[in-house]
Amino acid sequence: MATNILYSSSNIPTLSSFYLKNHCDCLHKTSLLRVFLGLLLLVSGIALMLIPMAASINNANTSVAIMTTGLVCAVAGLYLSVFSNSRMVYSPTGSGITHKALYFSEGDKEDVLNFLKSGGTTAMPRPQEQGSILVDCFYDEKHAMICMQMCEYRDFNYEPYTSPITLKGDSARQMCALLGR
């Protein structure tokens, strides 16, 4: 059963990686393989940029093509090794965290709220492409944990309407099955 729901208040925490790390047994895990491949690509790119200077290639177009390829490889390697090397994981299962956003119309607000309060035992309204109600969901790939928050569109932004709701175990698997259809 879902608990700890608050209504429109300015002190409601926003569902974010900070909240997930501090309240849901989630952490950032660095992929050493990505770091290694990124550094390998970076070094290869630098080597490609230096080849035209060391090999005395007479054709200017070939030199530019090799140097451009080297630059692209170096930038991709830098991105892989520095910016894209970690992801959020649920520590009890070790599986990655996936994000899903569901939108509903303003008329479905009470039904969505009842659905979240009940932990998935009541009927869920049909999600839409866009809407003024957002249910922000973060769940692990093994469906052992789900963290959700209902937000309402106000002042050109989605503002939290409920506090984050965390379900674990069988109730999380049931909720993920309902949200997955």
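The values are calculated or read from the model by the stated rules, or taken from the named source; none is laboratory data. Everything numeric in this text was worked out from a predicted model, so none of it was measured. In this analysis, Cβ positions are derived from the backbone assuming ideal geometry, glycine residues included, and neighbour counts consider all displayed protein chains. We work out accessible area using only protein heavy atoms, side chains counted, and drop any ligands, DNA or RNA first. Shrake-Rupley method; radii C 1.70, N 1.55, O 1.52, S 1.80 Å.
Place +1 on the Cβ of every Lys and Arg and -1 on the Cβ of every Asp and Glu in segment 42-148, take the dipole about the Cα centre, and give the residue among I57, M88, L134 whose Cα lies farthest towards its positive end. Looking along the dipole axis, the top candidate is I57. Both radii come from the Cα set of segment 26-91: Rg as radius of gyration, Rh as Kirkwood radius; their ratio Rg/Rh reads 1.23. Positive end of the dipole of segment 27-181 (Cβ unit charges, origin at the Cα centre): among A76, L116, F156, the Cα lying farthest that way belongs to A76. A protection proxy built from the mean count of other Cβ atoms within 10 Å ranks the segments 60-67, 105-112, most packed first, as 105-112, 60-67.
Here the ratio of the Cα radius of gyration of segment 69-138 to 2.2 N^0.38 Å is 1.75. What is the angle, in °, between the Cα long axis of helix 109-118 and the longest principal axis of the Cα atoms in the chain? Nearest 10 is fine, range 0 to 90. Between helix and principal axis, roughly 90 degrees. Helix 32-55 and the long axis of the chain differ in direction by around 30°, with both axes built from C-alpha atoms. Peptides 25-33, 167-175 ordered by packing proxy, namely the average of other Cβ atoms within 10 Å per residue, highest first: 167-175, 25-33.
Per residue, the convex hull spanned by the alpha carbons of the chain comes to 162 Å³.
Accessible area per residue for the chain is 58 Å², calculated with a 1.4 Å probe on protein heavy atoms, without ligands, DNA or RNA.
To put it simply, the accessible area of the chain at a 1.4 Å probe is 59 percent carbon and sulfur.
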